[in-house]
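Undergrad: Got a structure here, written out as structure tokens. Questions coming.
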Amino acid sequence: MVALFEPMDVGDRFARSAWPAHVTLASNFLVAESVEQVVEAVHDARVVDRPLAFRIGRLAQFGPQRTVPVRLVDSPHVEDAHQDLAHHLGRLRGFEADEPSHWREGYRAHLTLRPSIAAFEGEIRTASHVAVARLDGETAEIVACIEIGPMDRPEIVCLCGSARFVEEMRAANRALTFAGVIVLAPGEAGELISHEQKTLLDALHLRKIDLADRILVVNPGGYIGESTRTEVAYAHAAGKPVSFTEPV
């Protein structure tokens, strides 16, 4: 299952070595369900409900022999999209991941490079469709191609994290902003503040969470302080997707 930058037609067949430019959202899997039920799982995961913009990152080598050149990519919510797909696809009858190590914690969003596909670090690309392909030997066939619906406004992301990570928070703010996202960040006091002022800032940040489509926790080294844990719990209770810059 992939995010495409150009639409394809159902029934299109091509060699697996000749995929057009794409970002894999879910690696190869087996199910004992119809294509319609797989598409329903995609909609349930809300992957096509909002734009998928990707920032092209550094070069890497994938594959068993590390011979496949790729560009790692970053997206405001590609990790959330994969995790949601893993959850909903995993509930389908007969689901089995071909390579479980490429799912969930092992997932790494990337764009595979070929002579006909070039991408440059820092480039921003926006996917237009999510496609499902059936694989038969060395041939792929598109069995579903779903247009990604535009939002009537940019995505809104609220940053959470410890005040000790001001520089990391600013870097995340910058990356998201240049990916076309509206960023709500914690207020910066810049000096020692009173208990009353901290209480006010904490309350304001919960309102920012209310306004956001999702939450990104900036947590270098996996650190999450007490205030951030409270914000994460609040976001979960409000039904907001929460992701982290580093594993927890």
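Undergrad: Name the residues in the range 59-89 that are open to solvent by 30 Å² or more (accessible area, probe 1.4 Å) and in contact with a Leu (Cβ under 6 Å, 6 or more places away or on another chain), would you?
TA: If the condition is that a residue be open to solvent by 30 Å² or more (accessible area, probe 1.4 Å) and in contact with a Leu (Cβ under 6 Å, 6 or more places away or on another chain), then PRO69, ARG71 are the ones that fit.
Undergrad: Out of the range 135-156, which residues are closer than 24 Å to LYS240 by Cα, exposed (fewer than 13 other Cβ atoms within 10 Å of the Cβ) and free of Cβ contacts under 8 Å to residues at least 40 places away in the same chain?
TA: Of everything in the range 135-156, those that are closer than 24 Å to LYS240 by Cα, exposed (fewer than 13 other Cβ atoms within 10 Å of the Cβ) and free of Cβ contacts under 8 Å to residues at least 40 places away in the same chain turn out to be ASP152, ARG153.
Undergrad: Could you list, in sequence order, all residues of the range 221-233 that are out of contact with any strand residue (DSSP E or B) (no Cβ under 9 Å at 6 or more places or on another chain) and over 18 Å from GLY187 (Cα atoms)? Walk me through how you get there before you give the answer.
TA: Let us first name the residues in the range 221-233 that are out of contact with any strand residue (DSSP E or B) (no Cβ under 9 Å at 6 or more places or on another chain), namely 221, 223, 225-226, 229-230, 233.
Result: GLY221, TYR223, ALA233.
Undergrad: Filtering the range 82-134 down to residues that are under 16 Å from the mean Cα position of the chain (by Cα) and of a type in the set (Asp, Glu), which residue is nearest to ARG50 (Cα to Cα)?
TA: If we take residues in the range 82-134 being under 16 Å from the mean Cα position of the chain (by Cα) and of a type in the set (Asp, Glu), then ASP84 is nearest to ARG50 (Cα to Cα).
Undergrad: Still on this structure, please answer the following. Mind telling me which of the residues VAL68, VAL31 ends up being of a type in the set (A, V, I, L, M, F, W, C), more than 19 Å from the chain's Cα centre (by Cα) and modelled with pLDDT of 95 or more? Spell out the reasoning first.
TA: Numbers: VAL68 fails: modelled with pLDDT of 95 or more.
Of VAL68, VAL31, the one residue that is of a type in the set (A, V, I, L, M, F, W, C), more than 19 Å from the chain's Cα centre (by Cα) and modelled with pLDDT of 95 or more is VAL31.
Undergrad: Scan the range 191-214 for residues that are closer than 23 Å to SER75 by Cβ and in a helix (DSSP H, G or I) and report the count.
TA: Filtering the range 191-214 for residues closer than 23 Å to SER75 by Cβ gives 208-209, 211-214.
Filter again for in a helix (DSSP H, G or I), leaving 208-209, 211.
Selection size over the range 191-214: 3.
Undergrad: Quick one: in the range 213-241, of everything that is out of contact with any helix residue (DSSP H, G or I) (no Cβ under 8 Å at 6 or more places or on another chain) and hydrophobic (A, V, I, L, M, F, W, C), which residue is modelled with the lowest pLDDT?
TA: By that ranking, first place goes to ALA237.
Undergrad: Please indicate, with yes or no, whether at least one residue in the range 59-74 is charged (D, E, K, R), under 30 Å from HIS236 (Cα atoms) and not in a strand (DSSP E or B). It would help to see each step written out before you state the result.
TA: From the range 59-74, those charged (D, E, K, R) are 66, 71, 74; that's our starting set.
This time we only want the ones that are under 30 Å from HIS236 (Cα atoms), so: 74.
The next check asks that each one be not in a strand (DSSP E or B); those that pass are none.
Looking through the range 59-74, none of the residues is charged (D, E, K, R), under 30 Å from HIS236 (Cα atoms) and not in a strand (DSSP E or B).
Undergrad: Another question, if that's okay. Filter the range 224-242 down to residues that are among the polar types (S, T, N, Q) and surrounded by 15 or more Cβ atoms within 10 Å (Cβ to Cβ) and give me whichever is farthest from the chain's Cα centre (by Cα).
TA: Here is the first cut: in the range 224-242, the ones among the polar types (S, T, N, Q) are 227-228, 230.
After this cut, where a residue has to be surrounded by 15 or more Cβ atoms within 10 Å (Cβ to Cβ) as well, the list is 227-228.
Values: SER227: 25, THR228: 21 Å.
Looking at residues that are among the polar types (S, T, N, Q) and surrounded by 15 or more Cβ atoms within 10 Å (Cβ to Cβ), I get SER227.
Undergrad: Can you tell me which residues in the range 225-244 are assigned to a loop (DSSP other than H, G, I, E, B) and under 13 Å from LEU159 (Cα atoms)? Don't jump to the end; show me each part of the working.
TA: Initially, the range 225-244 is screened for residues assigned to a loop (DSSP other than H, G, I, E, B), giving 225, 238-241.
Result: LYS240, PRO241.
Undergrad: Return the residues of the range 18-58 that are part of a loop (DSSP other than H, G, I, E, B), open to solvent by less than 50 Å² (accessible area, probe 1.4 Å) and under 13 Å from ALA131 (Cα atoms); say none if nothing qualifies.
TA: Once the filter is applied, which keeps residues that are part of a loop (DSSP other than H, G, I, E, B), open to solvent by less than 50 Å² (accessible area, probe 1.4 Å) and under 13 Å from ALA131 (Cα atoms), the range 18-58 yields TRP19, PRO20, ALA21, LEU25, ALA26, SER27, VAL47, VAL48.
Undergrad: Hey, does the range 215-223 have a residue that's assigned to a strand (DSSP E or B) and open to solvent by less than 20 Å² (accessible area, probe 1.4 Å)? Please lay out each step first, then the result.
TA: Looking only at the range 215-223, we keep the residues that are assigned to a strand (DSSP E or B), and these are 215-217.
If we keep only those that are open to solvent by less than 20 Å² (accessible area, probe 1.4 Å) as well, we get 215, 217.
Yes, there is a match, as at least one residue in the range 215-223 is assigned to a strand (DSSP E or B) and open to solvent by less than 20 Å² (accessible area, probe 1.4 Å).
Undergrad: Here's a follow-up. Within the range 1-17, which residues are closer than 15 Å to GLU141 by Cβ and open to solvent by 60 Å² or more (accessible area, probe 1.4 Å)?
TA: So in the range 1-17, the residues closer than 15 Å to GLU141 by Cβ come out as 1-2, 4, 8-17.
Those that are closer than 15 Å to GLU141 by Cβ and open to solvent by 60 Å² or more (accessible area, probe 1.4 Å): ASP9, VAL10, ARG13, ARG16, SER17.
Undergrad: So the check is Cβ under 6 Å with 6+ separation or different chains; which pairs have a first residue in the range 157-182 that's open to solvent by 40 Å² or more (accessible area, probe 1.4 Å) and a second one that's assigned to a loop (DSSP other than H, G, I, E, B) and not acidic (Asp, Glu)?
TA: Filtered contacts from the range 157-182: GLU168/VAL218; ASN173/ALA185; GLY180/PRO154; ILE182/PRO154.
Undergrad: Given the structure, is THR245 open to solvent by 60 Å² or more (accessible area, probe 1.4 Å), among the β-branched types (Val, Ile, Thr) and without any contact (Cβ under 8 Å) to a residue 40 or more places away in the chain?
TA: Considered against the rule, which asks whether it is open to solvent by 60 Å² or more (accessible area, probe 1.4 Å), among the β-branched types (Val, Ile, Thr) and without any contact (Cβ under 8 Å) to a residue 40 or more places away in the chain, THR245 comes out as no.
The values are calculated or read from the model by the stated rules, or taken from the named source; none is laboratory data. Treat the numbers as computed from the prediction; the structure is a model and nothing was measured. Neighbour counts run over all protein chains shown; Cβ positions are idealised from the backbone, glycine included. Please note that ligands, DNA and RNA were not included when accessible areas were found on the heavy atoms of the full protein model with its side chains. Shrake-Rupley method; radii C 1.70, N 1.55, O 1.52, S 1.80 Å.
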